[in-house]
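Shown next, in structure tokens, is the structure this report addresses.
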Amino acid sequence: MKAPKATLPPSVLAGAALCVVALACGEVPTLADGIAYISPVILPSPAVAFGDTLRNSVGEVAPLRVFAIDNSGDTIQGATAEFIVTTVPGKSVTILANDLVFGDSLRTASIVARVGTRLQTPPVLLDVVNQPDSIAASSATTTSFPVPSAGATTSSVPLSVSITANVEGTRSGVRSIIVRYAVTDIYPLGTTIPDTSIVLVDDQNRFILPTGLAAVDTTDISGTASRSVRAVPFGFDSVAITVSANNLKGVPLPGGPIRFVVSTK
């Protein structure tokens, strides 16, 4: 039985091309059970807490996943994968029953999946980290846009936050925690501006369609995340951005949400 194509995200289909059995030019071969491709390993979260089981964004225990795909691009139900930890030497994570993952050493784990005897994914990296317990602003929460040239856009300084854990009485940054940014207010309240006149951008000046009013970052090795506001700074006085994050059990972190305000004056 096949599931509809709509159940498989386009990004997974694109990644599956990397996981096909070694090919030369010509048609993609079909292996046992009609499998032509497999997706990369799909993680429910980029990190698992040390001493806990891998969870999704709302804190539910969730397994590793791999999709098997046929030549028509449909997912194949019932295909089973074997997940293998390739981190060496020593412990990193343990694969439990039902493809769950337990974090048993503070390090980055490498995991591959095999489907049958001829298909294997590239390694995916999963960080085992301390359970975060705090979020705080690490840049000024009130700032101003630089003065632009006539009619040009301008970008704020990065709006940075730090996510940490208390490790034996010392604050320590936690990597690979998802941080969410959202434009929540434009002042004066009720101000109407054209679409994409205010957007949240990453360090490559990219924003998420359709409006750019929300963005996601993942903390780096120091526990820091940031996004900037890019704007055509005319027709409004200031913009408010709210930043929030959860711990790895889906509980909002103390200290958040954090409110930044960027002014045009």
**Prompt:** Only one of (1) touching a strand residue (DSSP E or B) at 6+ places or on another chain (Cβ under 7 Å); (2) part of a loop (DSSP other than H, G, I, E, B); (3) open to solvent by 60 Å² or more (accessible area, probe 1.4 Å); (4) at pLDDT 95 or above fails for residue 180. Which number is that?
**Reply:** (2)
**Message:** Criterion first (of a type in the set (Val, Ile, Thr) and within 30 Å of residue 103 (Cβ to Cβ)) does residue 198 satisfy it?
**Reply:** no
**Asked** crowded, with 19+ Cβ neighbours inside 10 Å, at pLDDT 85 or above, outside any helix (DSSP H, G or I) and touching a Gly at 6+ places or on another chain (Cβ under 9 Å) - does that describe any residue in region 99-112?
**Response** yes
**Message:** If a residue must be of a type in the set (Val, Ile, Thr) and either touching a Gly at 6+ places or on another chain (Cβ under 7 Å) or open to solvent by less than 40 Å² (accessible area, probe 1.4 Å) (or both), how many such residues does region 88-98 contain?
**Reply:** 1
**Message:** Criterion first (over 21 Å from the mean Cα position of the chain (by Cα), of a type outside the set (Phe, Trp, Tyr), in a loop (DSSP other than H, G, I, E, B) and surrounded by 15 or more Cβ atoms within 10 Å (Cβ to Cβ)) does residue 192 satisfy it?
**Reply:** no
**Request:** State all residues of region 245-263 that are over 13 Å from residue 162 (Cβ atoms) and open to solvent by less than 40 Å² (accessible area, probe 1.4 Å); if no residue qualifies, say none.
**Result:** 247, 248, 250, 260, 261, 262, 263
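Yes/no per residue for (1) of a type in the set (Gly, Ala, Ser); (2) farther than 30 Å from residue 131 by Cα; (3) at pLDDT 80 or above:
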| position | (1), (2), (3) |
| --- | --- |
| 18 | no, yes, no |
| 28 | no, yes, no |
| 31 | no, yes, no |
| 39 | yes, no, yes |
| 45 | yes, no, yes |
| 54 | no, no, yes |
| 74 | no, yes, yes |
| 80 | no, yes, yes |
**Message:** Return the residues of region 156-166 that are surrounded by 14 or more Cβ atoms within 10 Å (Cβ to Cβ) and farther than 21 Å from residue 57 by Cβ; say none if nothing qualifies.
**Reply:** 156, 157, 158, 159, 160
**Message:** What's the total number of residues in region 217-244 that are assigned to a strand (DSSP E or B) and open to solvent by less than 10 Å² (accessible area, probe 1.4 Å)?
**Reply:** 7
**Prompt:** Which members of region 68-92 meet the condition of being within 21 Å of residue 54 (Cα to Cα) and either of a type in the set (Phe, Trp, Tyr) or in contact with a Phe, Trp or Tyr (Cβ under 6 Å, 6 or more places away or on another chain) (or both)?
**Reply:** 83
**Item:** Members of region 113-124 that are over 23 Å from the mean Cα position of the chain (by Cα) and buried (at least 19 other Cβ atoms within 10 Å of the Cβ)
**Value:** 115, 119
**Complete:** Residue pairs qualifying under the 8 Å Cβ cut-off, at least six apart or on distinct chains, with the first in region 57-72 being at positive phi and the second being open to solvent by 70 Å² or more (accessible area, probe 1.4 Å) and among the charged types (D, E, K, R), are 59/249
**Asked** Residues of region 41-87 being under 19 Å from the mean Cα position of the chain (by Cα), open to solvent by 40 Å² or more (accessible area, probe 1.4 Å) and of a type in the set (Val, Ile, Thr), which ones?
**Response** 42, 58, 61
**Fill in**
A careful count of residues in region 125-147 that are under 23 Å from residue 164 (Cβ atoms), open to solvent by 30 Å² or more (accessible area, probe 1.4 Å) and not in a strand (DSSP E or B) gives 7
**Request:** Count, please, the residues in region 104-138 that happen to be touching a Lys or Arg at 6+ places or on another chain (Cβ under 7 Å) and not hydrophobic (A, V, I, L, M, F, W, C).
**Result:** 4
**Fill in**
Every listed condition ((1) under 16 Å from residue 215 (Cα atoms); (2) open to solvent by 20 Å² or more (accessible area, probe 1.4 Å)) holds for residue 186 save (1)
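The values are calculated or read from the model by the stated rules, or taken from the named source; none is laboratory data. Computed from a prediction, not measured in an experiment: that's the story for all the values here. Every residue, glycine among them, receives a Cβ derived from its backbone with ideal geometry; neighbour counts consider all protein chains shown. SASA here: full protein model, heavy atoms, side chains in, ligands and nucleic acids out. Shrake-Rupley method; radii C 1.70, N 1.55, O 1.52, S 1.80 Å.
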